[in-house]
Amino acid sequence: MNMIAHPLLVTTLMLVVSNLFMTFAWYGHLKNLSGSPWYVAALASWGIALFEYLFQVPANRIGYTELSLGQLKILQEVITLSVFVPFAVIYMNQPLKWDYLYAALCMLGAVYFIFRSA
């Protein structure tokens with residue numbers, strides 16, 4: 001039996017992968033290339049960002065078939081925070097702060113308001 005996955009599920013999974021690449025592109029150089037000139041970090045980040053876009057662009061195209069532009073953007077932001085917090089704590093050895101929880105609660109409000117008319 002040939003089953004096609006729901007566009008929202010595919011979009012979400014692809015945006016998670018995209019955000020993993022994005023987070024490493026934006027912040028990974030702070031740990032891995034801190035002794036290198038900024039342009040080396042920029043070129044490395046640019047190379048990583050290519051993979052981000054290879055997932056992000058099709059994810060947004062698929063998601064836009066089911067979601068409004070605002071809903072797609074809020075989904076992206078929730079995923080970004082969900083990926084960033086573990087990255088910051090586990091990979092970058094940053095302390096887990098209550099501010100992350102407060103930010104997540106604000107994002108829940110954003111999700112409510114952007115999806116309530118759906």
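None of the figures in this text is laboratory data; all of them are computed from the coordinates on show. Quick caveat, the model's predicted, so the values are computed rather than measured. Reconstructed Cβ throughout: ideal geometry from the backbone, glycine too, with neighbour counts over all protein chains shown.
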- Query: For helix 69-86, what angle does its Cα long axis make with the longest principal axis of the chain, in degrees from 0 to 90 and rounded to 10?
  - Reply: 40
- Pairs of Cα atoms farther than 22 Å apart, region 7-115, %: 39
- What number, in percent, do you get for the relative contact order of the chain if the mean sequence gap of Cα pairs under 8 Å and at least 6 apart is divided by its residue count? 32
- Message: Taking the 0 to 90 degree range and rounding to the nearest ten, how far is the long axis of helix 38-63 tilted relative to the main principal axis of the chain, both from C-alpha atoms?
- Response: 10
- Can you pull the one-decimal nm distance between simple spin-label points at Val10 and Leu30, each 7 Å off the Cα toward Cβ? 3.5
- Message: Compute the helix-to-body angle for 98-115: its Cα long axis versus the longest principal axis of the chain, expressed 0 to 90° and rounded to tens.
- Response: 30
